[in-house]
1. Residue check, PRO99 against (1) closer than 15 Å to PRO39 by Cβ; (2) part of a loop (DSSP other than H, G, I, E, B), all met but one. Which one?
2. If PRO149 passes every condition in (1) touching a Phe, Trp or Tyr at 6+ places or on another chain (Cβ under 7 Å); (2) at pLDDT below 95; (3) open to solvent by 70 Å² or more (accessible area, probe 1.4 Å) but one, which one does it miss?
3. Of the numbered conditions (1) surrounded by 18 or more Cβ atoms within 10 Å (Cβ to Cβ); (2) at pLDDT 95 or above; (3) farther than 20 Å from SER138 by Cβ, THR56 satisfies every one except a single condition; which is it?
4. Considering each residue of the range 83-104, count those that are open to solvent by 30 Å² or more (accessible area, probe 1.4 Å) and more than 15 Å from ARG64 (Cα to Cα), and give that number.
5. Among the residues of the range 115-127, write down those that are surrounded by fewer than 17 Cβ atoms within 10 Å (Cβ to Cβ) and over 14 Å from the mean Cα position of the chain (by Cα).
6. Assuming SER97 fulfils every condition listed in (1) at pLDDT 95 or above; (2) in contact with a helix residue (DSSP H, G or I) (Cβ under 7 Å, 6 or more places away or on another chain); (3) not acidic (Asp, Glu) apart from one, which condition is it?
7. Are there strands (runs of 3 or more DSSP E) fully within the range 107-156 with at least 1 residues that are among the charged types (D, E, K, R)? List them.
8. Just to be sure I understand, how many residues within the range 60-92 are part of a loop (DSSP other than H, G, I, E, B), within 17 Å of the chain's Cα centre (by Cα) and modelled with pLDDT of 95 or more?
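The values are calculated or read from the model by the stated rules, or taken from the named source; none is laboratory data. Note that the structure is a prediction, hence the values are computed from the model and not measured. Here Cβ is always computed from backbone atoms with ideal geometry, including for glycine, and neighbour counts include all displayed protein chains. Just the protein is used for accessible areas: all its heavy atoms, side chains included, with ligands, DNA and RNA removed. Shrake-Rupley method; radii C 1.70, N 1.55, O 1.52, S 1.80 Å.
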Amino acid sequence: MAMRPLTISRRTMLSATLAAAVPHLAYGQTGRDPASQKPTDVKIRLTFGGQTMTATLYDNPSARDLATLLPLDLTIDDYGNNEKIAYLPRKLTEDGSGPFGNELPGDLCYFKPWGNLAMFYADYRWDGLIRLGRFDGSFEPLRVRGKFPLRIERIR
């Protein structure tokens, strides 16, 4: 009896490859809190209205997603009496997001429903936010009223 050569379909091969890779991918994420408020070494510069500010991003999926979009040329504008906002070209991932406490002026956040950055210079409280990071030093430039071109770039 002649033996038939072994044939493996692409689907079988892909399934086997993914099954082998998934444990390794999961292992690479262990120890990472998806809603982390831990600062990273990633710093960004925001320039608008003749002012420059820097912020340190946190170690969470949304902040990492923001970093992949940089550099960005947007518009920053007043919103209410405690923040400035800038609309992103696309929504960020919301993986691992959840409520956080200790909201403080100087927070850089992502507003999930509208897909914009929210930069706070006064007290705030809102459930639909993901904290992306904190401004380094003074956040006083956010208090300058008006609408300005905004440049955001990674500096480290």
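1. (1)
2. Checking PRO149 against (1) touching a Phe, Trp or Tyr at 6+ places or on another chain (Cβ under 7 Å); (2) at pLDDT below 95; (3) open to solvent by 70 Å² or more (accessible area, probe 1.4 Å), the one that fails is (2).
3. Result: THR56 passes all but (3).
4. Narrowing the range 83-104 to residues open to solvent by 30 Å² or more (accessible area, probe 1.4 Å): 87, 89-91, 93-97, 99-104.
Checking which are more than 15 Å from ARG64 (Cα to Cα) leaves us with 87, 89, 99-104.
Final tally of qualifying residues: 8.
5. Within the range 115-127, the subset surrounded by fewer than 17 Cβ atoms within 10 Å (Cβ to Cβ) is 115, 122-127.
Of everything in the range 115-127, those that are surrounded by fewer than 17 Cβ atoms within 10 Å (Cβ to Cβ) and over 14 Å from the mean Cα position of the chain (by Cα) turn out to be ALA122, ASP123, TYR124, ARG125, TRP126, ASP127.
6. Of the numbered conditions (1) at pLDDT 95 or above; (2) in contact with a helix residue (DSSP H, G or I) (Cβ under 7 Å, 6 or more places away or on another chain); (3) not acidic (Asp, Glu), the odd one out for SER97 is (1).
7. Numbers: elements: 107-111, 116-120, 129-136, 148-154.
Counting at least 1 such residues, we get 107-111, 129-136, 148-154.
8. So in the range 60-92, the residues part of a loop (DSSP other than H, G, I, E, B) come out as 60, 70-71, 80-82, 88-92.
Remaining after also requiring within 17 Å of the chain's Cα centre (by Cα): 60, 70-71, 88-92.
This time we only want the ones that are modelled with pLDDT of 95 or more, so: 70-71, 88-92.
Going through the range 60-92 one residue at a time, the tally reaches 7.
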